[in-house]
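The values are calculated or read from the model by the stated rules, or taken from the named source; none is laboratory data. Predicted, not measured: the structure shown is a model, and the values here were computed from it. Positions of Cβ are generated from backbone atoms using ideal geometry, with glycine treated the same way; all protein chains shown enter the neighbour counts. Only protein heavy atoms, including side chains, enter the accessible area calculation; ligands, DNA and RNA are left aside. Shrake-Rupley method; radii C 1.70, N 1.55, O 1.52, S 1.80 Å.
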Number of protein chains: 6
Amino acid sequence: MAGRVKEFNEFRSKMNQRILEADNRTIKRFFGVDTLAYEPGALDARTKEMLGLVASMVLRCDDCVSYHVQRCKELGVTDAELHEIFSVALVVGGSIVIPHLRRAVAFLDELNEQRG
Amino acid sequence: MAGRVKEFNEFRSKMNQRILEADNRTIKRFFGVDTLAYEPGALDARTKEMLGLVASMVLRCDDCVSYHVQRCKELGVTDAELHEIFSVALVVGGSIVIPHLRRAVAFLDELNEQRG
Amino acid sequence: MAGRVKEFNEFRSKMNQRILEADNRTIKRFFGVDTLAYEPGALDARTKEMLGLVASMVLRCDDCVSYHVQRCKELGVTDAELHEIFSVALVVGGSIVIPHLRRAVAFLDELNEQRG
Amino acid sequence: MAGRVKEFNEFRSKMNQRILEADNRTIKRFFGVDTLAYEPGALDARTKEMLGLVASMVLRCDDCVSYHVQRCKELGVTDAELHEIFSVALVVGGSIVIPHLRRAVAFLDELNEQRG
Amino acid sequence: MAGRVKEFNEFRSKMNQRILEADNRTIKRFFGVDTLAYEPGALDARTKEMLGLVASMVLRCDDCVSYHVQRCKELGVTDAELHEIFSVALVVGGSIVIPHLRRAVAFLDELNEQRG
Amino acid sequence: MAGRVKEFNEFRSKMNQRILEADNRTIKRFFGVDTLAYEPGALDARTKEMLGLVASMVLRCDDCVSYHVQRCKELGVTDAELHEIFSVALVVGGSIVIPHLRRAVAFLDELNEQRG
């Protein structure tokens, strides 16, 4: 059931570790900035994850979408709110976003089954 | 043989239904506009599907390409015409289109075997 | 001073009118959906404009960025919040976003001078 | 009136010449393939220019759009047909296409005034 | 172990052949230009492959990345150099490049195991 | 003569300063990483600028292209080498790169006149 969620998270963790092991200074510092970007500041963490999600969806990055959907759920974003984020992405990015929307909803369905 | 064609169409139908079940007004109306865009008007349906195909290919959306290749075949676009559409996409979009072209031709081969 | 803001808004209004005069059904309905997407629902209008802004910035659309910066300001988004939205866009979209960030900040400076 | 059309065509011609003067073999052969792509074959030249136009618009390349709008007009594509091409580009590419659509219609207006 | 490398290369060869069999002049000449672009000239082949790799990575084309990683290795580009190329791609293209970086490093790991 | 080069560099410097004045931690650290990415390491600075140039060109960012063309010239990249970088960008990114190539060559011409 939750096969894709588990597989995604395991590959993500394993490869992030492999990337950091290469010990490239620019890459390591980029990863640091990437973490910093989502920490609460003038905007709270929840809003920032929603921003990350819509940005990932218009750029059509399935893995980024999966990651931010997961984070949004952890921070209490509801499914109705997620669909409004999807709707903005769809209108801004057009029908080429639809295949990514399908995979996002399939991923969300898996997450919801896991928690159900 | 026709495994990918069948799998693609089943996932597409199932997830479109899941998306519409969420009952988000913007998404539902977007899907309506997406259908309207390919209805015959000043241009016939066949030309519009060809436009949808080349747009999908330069934007490198495999699922969109598969969908429009299928629709083009249904509307009588020949394989030679499909390859001319691919050639415009390739020149406009560059060599990064090639992996999508490979998958488009593999999908087309499956469609042709099914009908053969 | 506020030359760019005025010029942008006038060209935008004039050409939107010219586009709608062409009376193409799909285009007119798309414009309707585009308006609907930012109306308050599960998320409030302010959050939706912030989503529209970050999406526009990672897609590197200067006019879309100008429009959403303006709307965000109207809905009370502060300059510190705008810069956090910019920071997410920058990290997600990379250094190619920087020229658009420069123009966004120049536009914001003009808006602030107008209101000052 | 026709200032933008003239300016666009003059810059385009002048810089194409400068590019070819650099005598880079790959670039020169690419330009040859770019010409070949729009020559009539299984599809006629008119259809191919329409394909080039929609591809340029979803990729949001104003100069490419201007060029193909001009070529389409020369090959007898009507304004209603052009707007249908624009409508497909808009639905496939989303609202970020709108600023390019505004500039395309402004360019088309100039072309029509010139010929009027 | 080297399953992905082998599978990638076999599908690539097979489909390139299928594409060329369609005998579309534009496509065949584009493939010729694509080969020519990487031949040594003012820049050596090694530098050109590095250029192809960074371009493929910012455009987020996994297959293109796999191909150029392989070619770079054949031309003696070290793993530390590859990671510097990845780091430029990451900074220019942003965090949406990360999933492609993960797959690039996984592919590189396979290549290194094969040769180890 | 060198109007565009001067105007580009002045706007760039002025707005970078304005951006950093906003004192957003993520943005400031991103700018630091962006500088770090081009410092010599496993690859020398010259090669890294060439990588930055080709990446900017396939992503069709005129300002980024202008910046890296300037830096490449400072580091001794010849015009023939620049055109080979352009040729790789053109083949990878397709004909939509051509308008950016025209502006890159116009910018290069200005730089060369300045130094002549």
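Take C:LEU82 and tell me if it is within 14 Å of chain E (Cβ to nearest Cβ) and among the hydrophobic types (A, V, I, L, M, F, W, C). So C:LEU82 fails the test.
Of all residues in the stretch A:13-32, those satisfying the criterion of being in a helix (DSSP H, G or I) and among the aliphatic types (A, V, I, L, M) are A:MET15, A:ILE19, A:LEU20, A:ILE27. Return yes when A:SER66 is polar (S, T, N, Q), crowded, with 17+ Cβ neighbours inside 10 Å, more than 7 Å from every other protein chain (Cβ to nearest Cβ) and assigned to a helix (DSSP H, G or I) and no when it is not. Answer is yes for this residue.
If only residues of the stretch D:75-95 that are crowded, with 24+ Cβ neighbours inside 10 Å and of a type in the set (Val, Ile, Thr) are counted, the one that is nearest to the chain's Cα centre (by Cα) is D:ILE85. Residue selection: C:VAL54 fails the criterion of being hydrophobic (A, V, I, L, M, F, W, C), in contact with an Asp or Glu (Cβ under 7 Å, 6 or more places away or on another chain) and within 14 Å of chain E (Cβ to nearest Cβ). Against the test of being in contact with a Cys (Cβ under 9 Å, 6 or more places away or on another chain), open to solvent by 30 Å² or more (accessible area, probe 1.4 Å) and more than 10 Å from chain D (Cβ to nearest Cβ), the options C:ARG60, C:ARG46 yield a single qualifying residue, C:ARG46. For the stretch A:73-81, state whether one or more residues are more than 21 Å from B:ARG25 (Cβ to Cβ), part of a helix (DSSP H, G or I) and either of a type outside the set (Lys, Arg) or in contact (Cβ under 8 Å) with a residue 12 or more places away in the chain (or both). Taking every residue of the stretch A:73-81 in turn, at least one turns out to be more than 21 Å from B:ARG25 (Cβ to Cβ), part of a helix (DSSP H, G or I) and either of a type outside the set (Lys, Arg) or in contact (Cβ under 8 Å) with a residue 12 or more places away in the chain (or both). In the stretch C:20-32, the residue that is surrounded by the most Cβ atoms within 10 Å (Cβ to Cβ) out of those that are under 19 Å from the mean Cα position of the chain (by Cα) and facing chain D (nearest Cβ under 10 Å) is C:PHE30. Applying a threshold of 6 Å to beta carbon distances and a minimum spacing of six or more residues, or different chains, the list of pairs starting in the stretch F:36-65 at a residue that is without any contact (Cβ under 8 Å) to a residue 12 or more places away in the chain and farther than 17 Å from E:ALA55 by Cα and ending at one that is open to solvent by less than 40 Å² (accessible area, probe 1.4 Å) and of a type outside the set (Val, Ile, Thr) reads F:GLY41/E:GLU84; F:ALA42/E:GLU81; F:ALA42/E:GLU84. Checked across the stretch C:100-107, the condition of being within 14 Å of chain E (Cβ to nearest Cβ), of a type in the set (Phe, Trp, Tyr), in contact with a helix residue (DSSP H, G or I) (Cβ under 6 Å, 6 or more places away or on another chain) and open to solvent by less than 20 Å² (accessible area, probe 1.4 Å) holds for no residue. From the list B:GLU10, B:GLU110, the one residue that fits, being open to solvent by 10 Å² or more (accessible area, probe 1.4 Å), part of a helix (DSSP H, G or I) and in contact (Cβ under 8 Å) with a residue 60 or more places away in the chain, is B:GLU110.
For the stretch E:33-43, which positions are open to solvent by 30 Å² or more (accessible area, probe 1.4 Å) and part of a helix (DSSP H, G or I)? Hits for the stretch E:33-43 are E:ASP34, E:THR35.
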